[in-house]
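Here's the structure we're looking at; comments come further down.
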Amino acid sequence: MTITTVGLDADDTLWHNETIFRLAHKQFVDLLAPFGDEAAIEAGLAATERRNLNTYGYGAKGFILSMIETAIDLTDGQVSTAAIREILAAGREMFAHPVEPLPGVPEALAALAANYRLVLITKGDLMHQENKLAASGMGDHFQAVEIVSEKDADTYCRVFARHGTGPAEAVMAGNSMKSDVVPALKAGCWGAYIPYPLIWAHEAAEAPVGHERYAELASIADLPAWVDGLK
C-alpha cells in the first residue's frame, strides 16, 4: 500500500473554530434571555440551523442568519432593531477573530508535506475559509485547497482523483466523525479521527470501530507517524 495524498480538515483540526461559535451562542442566549430559558433558546437555534443548512450551507454567515431568524421566531417578531444590531456585531466578531493554530499543527504539516501531497478539504464560507488559511500562515504546505458545500463519499472520490492518485491511496484526517471520517472510509480512503474538545451536534456520528482503515489519534502530532506506518 502506498499513501500519496493526505487530506486535512481545517476548522477544529488545524485551528480553533467551535470555541468561537460557542462564544457567539452565549451572547445570543444572553440577548434573548427575557424571552426564554437557555435550553429553549439553544433548541430553537439548533432547529433553525438544521433547517437552513440546505439553503445557507455551513459557516458563520449562515449561522448569523439563523440567529436573526431564531430571534424573530422566539420573540414573535418583537425583537428590536438594537438586538439585531448586536447579533450582527457578534457575527462580525467571529469573522475578525484571530486564527489560532492548534498545538502541534505547524510541525505535523511540515512533516507530512515532506513526503505526501497535502490537500485542505473544508466546508464553510469561501471567503472566510480562504482568509483563515491565509492568516494561519500554513497555506504553503498545501498543494490544493477544496472548499466544498458538503463532505460525502462522492466529494472525497472526486477530490482525491483530481489532486492525488485516488481515494485508495489517500488519508483523510479531521475532528468530525460525520464529515471527515465516515464518508472518507466509504469512498475507500483511510480515515484518522482527531478529536477536538467541543463538537457541533450536527457533526456527531458513531465511530466505525473495527474498520481496518480507521484510527483515532490523540493529537495531530501523531498523524505523520501513523500515515508513515501505512506504507
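Coordinate-derived values only; no laboratory data. Worth saying up front: this structure is predicted, and the values here are computed from it rather than measured. Cβ: placed from backbone, ideal geometry, glycine included. Neighbour counts: every protein chain shown.
The figures follow:
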{"quantity": "Kyte-Doolittle mean at least 0.5 and Cα axial length at least 18 Å: DSSP H helices in the chain", "calculated": "60-74, 81-96"}
{"quantity": "Computed label-point distance, nm, for sites R92 and E69 using a 7 Å Cα→Cβ extension", "calculated": "2.4"}
{"quantity": "All lysines inside 18 Å of K123 as judged from Cα atoms, apart from same-chain residues fewer than 8 positions distant", "calculated": "K61, K132, K151, K178"}
{"quantity": "Anisotropy class of region 122-229 from Cα gyration tensor, a/c 1.5 cut", "calculated": "rounded"}
{"quantity": "Residue list for region 70-86, given a label point 7 angstrom along the Cα-to-Cβ vector of R51 and an amide N cut-off under 14 Å", "calculated": "70-77"}
{"quantity": "Estimated [θ] at 222 nm from DSSP helical runs (n ≥ 4, -39500 (n - 2.57)) normalised by residues in the chain, nearest 500", "calculated": "-14500 deg cm²/dmol"}
{"quantity": "Cα gyration tensor shape of region 18-96, rounded if a/c is under 1.5, else prolate or oblate by comparing a/b with b/c", "calculated": "rounded"}
{"quantity": "Prolate/oblate/rounded call for region 37-175, Cα gyration tensor, a/c under 1.5 rounded", "calculated": "prolate"}
{"quantity": "Range in the chain, longest, excluding exposed GluC sites (Glu not before Pro) [loop by DSSP; at most 12 other beta-carbon atoms within 10 Å]", "calculated": "1-205"}
